[in-house]
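For reference, the structure discussed in these notes is given below.
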Number of protein chains: 2
Amino acid sequence: MLKKQNSNFIKNAPNQVREYISGHDSVRISSLGGFGDVTQNMFVYEFIPNGDASKSQIIIVDCGVGFPEEDAFGVDLQIPDTHYLQDKKDRILGIFITHGHEDHIGAVRFILPILGQNIPVFAPKLAAAFIEARLSEVQVRANLQVYDELTPPITKGPFIIDPIRVTHSIPDTFHFAINTPIGIFYHGSDFKFDLFPLDGKGADYQKIARVGQGKVIALMSDSLGSDHEGFSPSESSIAENFKHEIVSAKGRVFVTSISSNIVRWTQAIEYAKSVGRKVVIVGFSVDRAIKIAKDLGYLTLNDTDIVPVERVKNFNENKLIFLVAGFAGQPDSALSKMVMGKHKIKVKSGDKVIFSSPDYIPGTTSNIYNMIDTLSKMGAEVVYGEKEELHVSGHGYQKEHALLINLLKPKFLLPIGGNYRHIKSYQQMAKKLGYTDDQLVLPDFDSSVTFHNNGTYDTNYHISIRKVLIDGFGVGDVGTTVLRDRKLLAEDGMFSVVLLMNKESGEMVKPPVILSRGFVFMKENTELMDFLKVEITNKFKQATSSPANMDFIREEVQAYVEEIIYKKTGRQPMVLPLVIEV
Amino acid sequence: MLKKQNSNFIKNAPNQVREYISGHDSVRISSLGGFGDVTQNMFVYEFIPNGDASKSQIIIVDCGVGFPEEDAFGVDLQIPDTHYLQDKKDRILGIFITHGHEDHIGAVRFILPILGQNIPVFAPKLAAAFIEARLSEVQVRANLQVYDELTPPITKGPFIIDPIRVTHSIPDTFHFAINTPIGIFYHGSDFKFDLFPLDGKGADYQKIARVGQGKVIALMSDSLGSDHEGFSPSESSIAENFKHEIVSAKGRVFVTSISSNIVRWTQAIEYAKSVGRKVVIVGFSVDRAIKIAKDLGYLTLNDTDIVPVERVKNFNENKLIFLVAGFAGQPDSALSKMVMGKHKIKVKSGDKVIFSSPDYIPGTTSNIYNMIDTLSKMGAEVVYGEKEELHVSGHGYQKEHALLINLLKPKFLLPIGGNYRHIKSYQQMAKKLGYTDDQLVLPDFDSSVTFHNNGTYDTNYHISIRKVLIDGFGVGDVGTTVLRDRKLLAEDGMFSVVLLMNKESGEMVKPPVILSRGFVFMKENTELMDFLKVEITNKFKQATSSPANMDFIREEVQAYVEEIIYKKTGRQPMVLPLVIEV
């Protein structure tokens, strides 16, 4: 498996970090999750007065988790690296959240305890509720403040932050116009321009245009959808297909989607109710999302319309719709358990399962198709993206980006929220609008972008970004060594041999004891094991001396065992000799 | 990660295997790779005379490898399980190969030595050459016989096998009309009906129609494309885009595709030559495929048009096209090495890289997109499927299946070469043509389908199909235990502790020696290790006796260490205590 070569991202790293044009104010933008990443969003806006970085003042936009590469064995989550902020904590004026997706809010519970729980966190209503639910699980307290489109611009030190409603695949998504002494920065995080939004809440085009009448220095823009031409389809464009699938079902109906996709659940519930079906919520994350959305008035669902899983038996099959967590096949999710037959709800012939969800998310595609196959085998009718239009992306296409750029007329464009291929597509699109290369900011993974008050910018400053992995209770303690070992162990297992010796005489005290897992099945390979014991004993005799050099013996045995195992089996288990003096 | 639940496939497995209607001839079809699988194609056709299975005569169609699930750590390949043939070797009359893709020919080198190297292998010219090249690598000899559309029907015992030319993403692809004493079986392996094939060699529609004038009992049909409506696009439909990308390039051009896709390479070479570019072949598999295709006359390429990699420097950048192996990111492939900067050819700004290949193959999608990102970072312009029409599938869509069915008018339909979701789509399509449920054969993973001479069939007979995995030199010796261990090791590593004791006195002779990898970084966790040593010593003291029960001690220590490690770290490494008497 290939892994991302972050190091390749660092091109032309300067030997010396250039400091600021003295006497000039500047704004430095850093991505603590790294530029060129879709997830773990966390951006630092730093106003540096008069070239003195030690007096900078800071706001942060978003604080999300990332999802590790497939070769990050055993690692659950990844979070932004906050080392850069270590000596600047007292200058952080606030954290501003754009919307409630995990890759924008999920790291708050890990990072607030590091940076300080008094830092105010500004979030829209739905995101704030999601954050609060997560924080209460880990008993972390936060200074949460809710904003909406009516909130007056929020002043924090040299920054005035003005939230602007946009549309996305979760309600309550905002952009920020960030006013600074040197001009406006527009933080255009994840969005699309849904001109026919199902909840009636469109983007505030007027307000964006008003921002554009000011001096917009740079647009930090979502770029994930920019490799698609045209305008992205509206949520309402799938409504007809989605409704048809639900309304036409004869038996039980299961719908799975991204848990936070409140609008999709609202649709599902509405269509189901129109044909007299009641709602069964299956899985923790959907349950939480729907409860929060209901409490906040984003979704109407009477208690009498809900049937708890335990009471399903009392209803006719065509009177129920199941909203199920786990479209991506996460191992502990409700849908995975149903597919594996480990859930109390058993899928059977006559059921219909609707995947109203993306079918490509790195690392999950095979999971999704395996689930579809197994559900089909169980007799269910499965409808999914490859065959039907049942999902639209929450990220705008090229024409939506062109519209935002036209409304804002920013001097510089800094695409974020995409991998390199999306950033490249975004730039090609921008060139069609007349932007030139020097207006397209393309920072390295770990560059900061510093905008100066003389109208220029540079990307010379680099920060240290390491992978901060969450495994079990540990934050950041799974490093490259541990991961490399897990990878080696995964490939061909391990082969350990314990050699007990008398150091003085240099003699072996007992025959070698072998401990091996994941290499070959020991019970069926006694011949190989006996052979290896003899070879190891011989090698030991060659390598030993009186008195013995135990490190030398260990190294000799290791090299030799690696070699003969490879010759005999073609495999390369991790070979671990233990030479112990008794 | 979810894994395929093959066991779910076995529904209604009968307690007793029903034997045959006495006095009746029958034909039994078994899939040694399992029904419902796309790869590891190997089908057994068995004529059973007069209900006496011990007198059956056998032909085999295809002999391909499979690609393991993502959780089959360290396993390279999977091959069909030939246990069923163990006691029938002398009744195998021939192996008939449909075309030269690895999932149809790749297992010949493993399976011929098992079944007997004298069994004749009939293959079309190109597939035969691929097989021969592979066999020579491992010094296996085969009785290879080449057929083409002019070959008269091949008679083998009760079977008369008539090859019929069709189109697919590799030249020289055939279907078989298999005549038996009870009627005709049409083996419709991987195909599409390309009505405008670039090499001018279309399918033999006339011959298919003539087969359809006989008594066609069953059509075994490729079903992979059957979840797409309509007719699949012709190879020629991408020609214009593909040509444009090559012809318009200003610097170096790299093209990657499936190595065996000779027609695509032919196109690339033709377009490149039209603008004066010479050809550089990069990577073993492409080199071999092109050499073979050239030798056999499938591809025209003069030696003067080829530039060896070493001589690249002598040419202008716009005078070269590179045909590169490894579109799917296989770790040892040329493209992977180029992406990682480990190849002598370095990708740089101004290069164009064209992915003329599928972007979804189970387990490879993330690899492909990571390569695209890294190549973009390196400054190359990357054109790929998501943005451009640069690849068409080799598998027919619904209308092509409807056409084949209309030409053949088979009584029964048995979809193969697809996962369950494709099989289901195929059946829905067939119902639109008027087929009824009892005409649609849907065997379990391990069922055989037995067609009787009274016009009926049953799926009562089951064969044993286990996963036969190839790891290193071992064929089939990586079982579930080894894989389960690798998976556990991959998740959280291993933690081993060696306890040296005096069995008589029950005393510990030395403090515990810890050996751990992939769990936590030992050097940074001395405190944890010291804590565990103390705890283990205490537990040992509780569990020991005089004389000591060493198994009991090991079990007690193991359970206790698992518990405290989980409590302390939230992780679950494989815990392996070794209690050794000294």
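The values are calculated or read from the model by the stated rules, or taken from the named source; none is laboratory data. This structure is a prediction, so every number in the text was calculated from the model and none was measured. A quick note on method: Cβ atoms are made from the backbone with ideal geometry, for glycine too, and the neighbour counts reach across all protein chains shown. These area figures cover heavy atoms from the full protein model, side chains too; ligands, DNA and RNA do not enter into them. Shrake-Rupley method; radii C 1.70, N 1.55, O 1.52, S 1.80 Å.
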Original post:
Do we find a residue being over 21 Å from residue A:82 (Cβ atoms), open to solvent by less than 20 Å² (accessible area, probe 1.4 Å) and part of a strand (DSSP E or B) anywhere in the stretch A:478-494?
Top reply: yes
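Can you go through A:294, A:278 and tell me which one is among the basic types (Lys, Arg) and within 18 Å of residue A:254 (Cβ to Cβ)?
Going through A:294, A:278 in turn, just one is among the basic types (Lys, Arg) and within 18 Å of residue A:254 (Cβ to Cβ): A:278.
Every residue, every condition in (1) farther than 22 Å from residue B:435 by Cβ; (2) open to solvent by 30 Å² or more (accessible area, probe 1.4 Å), yes or no:
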residue	(1), (2)
B:169	yes, no
B:175	no, no
B:179	yes, yes
B:183	no, no
B:187	no, no
B:208	no, no
Subject >> Residue match in the stretch B:547-556 (condition: assigned by TED's automatic domain parsing to the domain that holds residue B:521, among the hydrophobic types (A, V, I, L, M, F, W, C) and not in a helix (DSSP H, G or I)) >> reply: yes
Original post:
Out of curiosity, is residue B:127 in contact (Cβ under 8 Å) with a residue 60 or more places away in the chain and hydrophobic (A, V, I, L, M, F, W, C)?
Top reply: no
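Based on this model, can you work out whether residue A:93 counts as in contact with a helix residue (DSSP H, G or I) (Cβ under 9 Å, 6 or more places away or on another chain) and either surrounded by fewer than 23 Cβ atoms within 10 Å (Cβ to Cβ) or more than 29 Å from residue A:481 (Cβ to Cβ) (or both)?
On the way: in contact with a helix residue (DSSP H, G or I) (Cβ under 9 Å, 6 or more places away or on another chain): no; either surrounded by fewer than 23 Cβ atoms within 10 Å (Cβ to Cβ) or more than 29 Å from residue A:481 (Cβ to Cβ) (or both): yes.
For residue A:93, the condition - in contact with a helix residue (DSSP H, G or I) (Cβ under 9 Å, 6 or more places away or on another chain) and either surrounded by fewer than 23 Cβ atoms within 10 Å (Cβ to Cβ) or more than 29 Å from residue A:481 (Cβ to Cβ) (or both) - is not met.
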Original post:
Mind checking which residues of the stretch A:239-255 are assigned to a helix (DSSP H, G or I), surrounded by fewer than 17 Cβ atoms within 10 Å (Cβ to Cβ) and over 30 Å from the mean Cα position of the chain (by Cα)?
Top reply: A:240, A:244, A:247
**OP:** Being among the aliphatic types (A, V, I, L, M) and either open to solvent by 80 Å² or more (accessible area, probe 1.4 Å) or under 41 Å from the mean Cα position of the chain (by Cα) (or both) is the filter; apply it to the stretch B:562-582 and report the residue that is farthest from the other protein chains (Cβ to nearest Cβ).
**Re:** B:575
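Give the stretch A:317-372 a look and list any residue that's part of a helix (DSSP H, G or I) and farther than 28 Å from residue B:373 by Cβ, or say none.
A:317, A:318, A:319, A:334, A:335, A:336, A:337, A:338, A:339
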Original post:
Could you say whether any residue in the stretch B:104-115 is open to solvent by less than 10 Å² (accessible area, probe 1.4 Å) and part of a loop (DSSP other than H, G, I, E, B)?
Top reply: yes
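Looking for something of a type in the set (Ser, Thr, Tyr), more than 30 Å from residue B:113 (Cα to Cα) and within 37 Å of the chain's Cα centre (by Cα) - is there at least one such residue anywhere in the stretch B:511-528? First the steps, then the outcome.
Here is the first cut: in the stretch B:511-528, the residues of a type in the set (Ser, Thr, Tyr) are B:516, B:526.
Narrowing the set further to residues that are more than 30 Å from residue B:113 (Cα to Cα) leaves B:516, B:526.
In the following step, the residues that additionally are within 37 Å of the chain's Cα centre (by Cα) were identified as B:516.
Yes - at least one qualifying residue is present in the stretch B:511-528.
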Subject >> Scan of the stretch B:495-522 for residues that are open to solvent by 30 Å² or more (accessible area, probe 1.4 Å) and either more than 19 Å from residue A:579 (Cα to Cα) or away from chain A (no Cβ under 12 Å) (or both), ordered by number >> reply: B:503, B:504, B:505, B:507, B:521
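Among the residues of the stretch A:153-166, is there at least one that is at positive phi and either open to solvent by less than 10 Å² (accessible area, probe 1.4 Å) or in the same structural domain as residue A:456 (by TED's automatic domain parsing) (or both)?
Applying the first criterion (at positive phi) to the stretch A:153-166 yields A:157.
Then keep just the ones that are either open to solvent by less than 10 Å² (accessible area, probe 1.4 Å) or in the same structural domain as residue A:456 (by TED's automatic domain parsing) (or both); that gives A:157.
Yes, the stretch A:153-166 contains a residue that is at positive phi and either open to solvent by less than 10 Å² (accessible area, probe 1.4 Å) or in the same structural domain as residue A:456 (by TED's automatic domain parsing) (or both).
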**OP:** State all residues of the stretch B:44-80 that are at pLDDT below 95 and closer than 25 Å to residue B:174 by Cβ; if no residue qualifies, say none.
**Re:** B:65, B:66, B:67, B:77, B:78, B:79
**OP:** Hey, can you tell me all the residues within the stretch B:398-425 that are in a loop (DSSP other than H, G, I, E, B) and within 12 Å of another protein chain (Cβ to nearest Cβ)?
**Re:** B:418, B:419
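Of the residues A:176, A:191, only one is in contact with a Pro (Cβ under 8 Å, 6 or more places away or on another chain) and of a type in the set (Phe, Trp, Tyr); which? Show your work before the answer.
Details: A:191 fails: in contact with a Pro (Cβ under 8 Å, 6 or more places away or on another chain).
Exactly one of A:176, A:191 is in contact with a Pro (Cβ under 8 Å, 6 or more places away or on another chain) and of a type in the set (Phe, Trp, Tyr), namely A:176.
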**OP:** Could you list, in sequence order, all residues of the stretch B:523-534 that are open to solvent by 30 Å² or more (accessible area, probe 1.4 Å) and away from every other protein chain (no Cβ under 11 Å)?
**Re:** B:526, B:527, B:530, B:531, B:533, B:534
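Among the candidates B:226, B:232, B:221, single out the residue that is open to solvent by less than 30 Å² (accessible area, probe 1.4 Å), among the small types (Gly, Ala, Ser) and at pLDDT 95 or above.
B:221
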Original post:
Just to be sure, is residue A:552 modelled with pLDDT under 95 and loosely packed, with under 15 Cβ neighbours inside 10 Å?
Top reply: yes
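Picking from B:311, B:277, B:252, which residue would you name as being closer than 25 Å to residue B:368 by Cα and not assigned by TED's automatic domain parsing to the domain that holds residue B:197? Steps first, please.
Details: B:311 fails: closer than 25 Å to residue B:368 by Cα; B:277 fails: closer than 25 Å to residue B:368 by Cα.
Answer to the selection: B:252.
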Original post:
Restricting attention to the stretch A:466-488, does a residue exist that is away from every other protein chain (no Cβ under 12 Å), among the charged types (D, E, K, R) and in contact (Cβ under 8 Å) with a residue 12 or more places away in the chain?
Top reply: yes
